[in-house]
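What follows is one structure encoded as structure tokens, with my remarks underneath.
Since every read-out is calculated from the coordinates, none of them should be taken as a lab result. Quantities reported herein were computed from a predicted structural model and do not represent experimental measurements. Glycine also receives a Cβ, built like all others from the backbone with ideal geometry; neighbour counts cover every protein chain displayed.
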Amino acid sequence: MERNIMQELIAWKNLTKDRMPLLLYGVRQVGKTYILREFGDRYFKNSIYVNFERMQMVADYFKGELSPDRIIRLLEEYFSQKVVPGETLLIFDEIQACERALTSLKYFCEEAPEYHVAAAGSLLGVAINRESYSFPVGKVIIKTLYPLRFDEFLTALGQGHLASLIREHFGDMTEMTEMPEAAHRELLLWYDRYLFIGGMPAAIKEYQERESLVNVPEVQSLILNAYTADMAKYTSNSESTKIRNAFQSLPAQLAKENKKFQYKLIRKGATAGLFGDSIAWLIFSGIALSCERVTRGENPLIAFRDVSAFKLYLSDVGLLSAFTGIMPEDIIRNSLSEVYRGALTENYVAQTLTACGFHLYYWTSDAPVAEVDFLIQKNGKIIPVEVKSGEHVNARSLKHFQKLAQPEKMIRLSRKNFGSDGTVWAVPLYAAFCLG
């Protein structure tokens, strides 16, 4: 599957000065190993792949001196391959399983920048937030691989021309043009499929090979089970129980009008003190996405965070569908409750904006009661984004926000075609990736 991040990897490879090792974040089974190995096969003469969870002998090499020359020599002997600067890609996978390998990246940066070293790990976010890990701060380039965005999804399923058509009609947002009605309807059908399949490579591959949605939930359930297994594998029994409880509350958190995270939905008597670390684990692992409330729609948004109020979304909308047992016909026939269709739609937008590089924020006011689903900060400007799951739209909250913050642009994502009323830019949900 072609991934947008490949262009960023190529740019990293072509750096001629001050190259640092690359560290690739991403939730388990999002395709980190595939993309790095594909990168090595396409753009290097050879690559050496180390999986620190499986190759204990190689992991032991890092117990001694962390000199790059020594490590290179041992790797050449073990794999019977020559490591040539500029021609060989070193891939250190599941690097969180070998703390010393993570530390070694500092020395590759300082002493041997001529080598291309790319590391990846499923729980890197969790690992580097533990005191025991010595993270090479300022010595690595960090990238994150997310589930496939809708444009990548279309391309993977042979519909890349539709992704190009969306970009063409979006333009630069000031010159949007209406999508032909037939194409608009076709794209909404693909968008509905995406709500069910999501962006996890294994789920897309299952649909791609069978051209059927029937077995997709089985694949997604295996991924969800792997996440649960990680909770038990990398934490104590008491911690893993709390993390699982917080994780299992996510569908209920989203199945209400006010999607602000409520601890009482985890269990009776739950508090931030009891479950704060569990929620942090879900966020650091990449399983959950946090959307923080801001009290003012002004630049910079981070200065106006309300740390006591936040929403949590699942990293992939397809996994959310599987989590809740939603069937494809529920989405296609629009037989879901309006509240939960809204939850899926918001989750889709949250993961899309995250994959576009935005930090997630939302805004609310008490008098009058109003909420803007997302605020994004782009080119020094604050852009409010309202999300509607259908064609029935109402911009009351946007208009109230406009009075207070006077944004230059406002966006409403819905099932309606491209358009503008002079105040609000209407963008179809399938074009959300264009906001990046």
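Please turn the phi angles of the stretch 377-386 into ³J(HN,Hα) values with the Karplus equation 6.51 cos²θ - 1.76 cosθ + 1.60 (θ = phi - 60°), one per residue in order, whole Hz, x for glycine and proline.
Coupling constants for the stretch 377-386: 10, 9, 6, x, 10, 9, 10, x, 10, 9 Hz.
Tell me whether the stretch 150-435 comes out rounded, prolate or oblate; compute the Cα gyration tensor, take square roots of the eigenvalues as a ≥ b ≥ c, and use a/c under 1.5 as the rounded threshold.
Oblate, since a/c reaches 1.5 and b/c is not below a/b.
Go ahead and run the numbers for FRET between ASN46 and SER134, Cβ-Cβ distance against an R0 of 41 Å, rounding to 0.05. List each step's numbers first, then the result.
On the way: r = 30 Å, r/R0 = 0.73.
Calculated transfer efficiency: 0.85.
Which FRET efficiency value, to the nearest 0.05, do you get for TYR34 and ARG185 by plugging their Cβ-Cβ distance into 1/(1 + (r/R0)^6) with R0 = 41 Å?
With a Förster radius of 41 Å, E is 0.80.
Using a/c under 1.5 as the rounded threshold, could you call the stretch 358-409 rounded, prolate or oblate? The axes a ≥ b ≥ c are square roots of the C-alpha gyration tensor eigenvalues, and prolate needs a/b larger than b/c, oblate otherwise.
Note, shape of the stretch 358-409 comes out oblate.
Going by a ≥ b ≥ c, the root eigenvalues of the Cα gyration tensor, does the stretch 5-144 fall in the rounded group (a/c under 1.5), the prolate group (a/b larger than b/c) or the oblate group?
Because its axes are fairly even, with a/c under 1.5, the stretch 5-144 counts as rounded.
Compactness ratio of the stretch 1-81: Cα Rg over 2.2 N^0.38 Å, N = residue count? Intermediate results must be reported in sequence, preceding the final value.
Working: Rg = 14.3 Å, N = 81, 2.2 N^0.38 = 11.7 Å.
Rounded to two decimals, the normalised Rg is 1.22.
Too long at a 23 Å Cα-Cα cut-off: which of LYS233/LYS256; LYS17/LYS106; LYS260/LYS416; LYS32/LYS139; LYS45/LYS139; LYS256/LYS409?
Where the Cα-Cα span goes over 23 Å, the pairs concerned are LYS233/LYS256; LYS260/LYS416; LYS45/LYS139; LYS256/LYS409.
Can you give the extra length, in nm with one decimal, that the chain gains between ALA255 and GLU8 once fully stretched, where that is 0.36 nm per residue apart less the Cα-Cα distance?
85.2 nm
Only bridges with both residues in the chain count here: give the DSSP antiparallel percent, nearest 5.
So the antiparallel bridges in the chain amount to around 40 percent.
What does the charge count near VAL214 come to, summing +1 for each Lys or Arg and -1 for each Asp or Glu among other residues with Cβ under 15 Å from its Cβ?
Within the 15 Å Cβ shell, the charges total -3.
Any chance you could run the full-extension gain for VAL339 through GLU408? It's 0.36 nm times the residue separation minus the Cα-Cα distance, nm to one decimal.
On the way: separation 69, 0.36 × 69 = 24.84 nm, distance 3.01 nm.
Length gained between VAL339 and GLU408: 21.8 nm.
For a quick check: with amide H placed at 1.01 Å from N, whose amide H comes under 5 Å from PHE418's, ignoring anything fewer than 5 positions away on the same chain?
MET179
For THR241 and GLU168, what does the FRET efficiency come to when R0 = 56 Å and r is the distance between their Cβ atoms, rounded to the nearest 0.05?
E between THR241 and GLU168, to the nearest 0.05, is 0.65.
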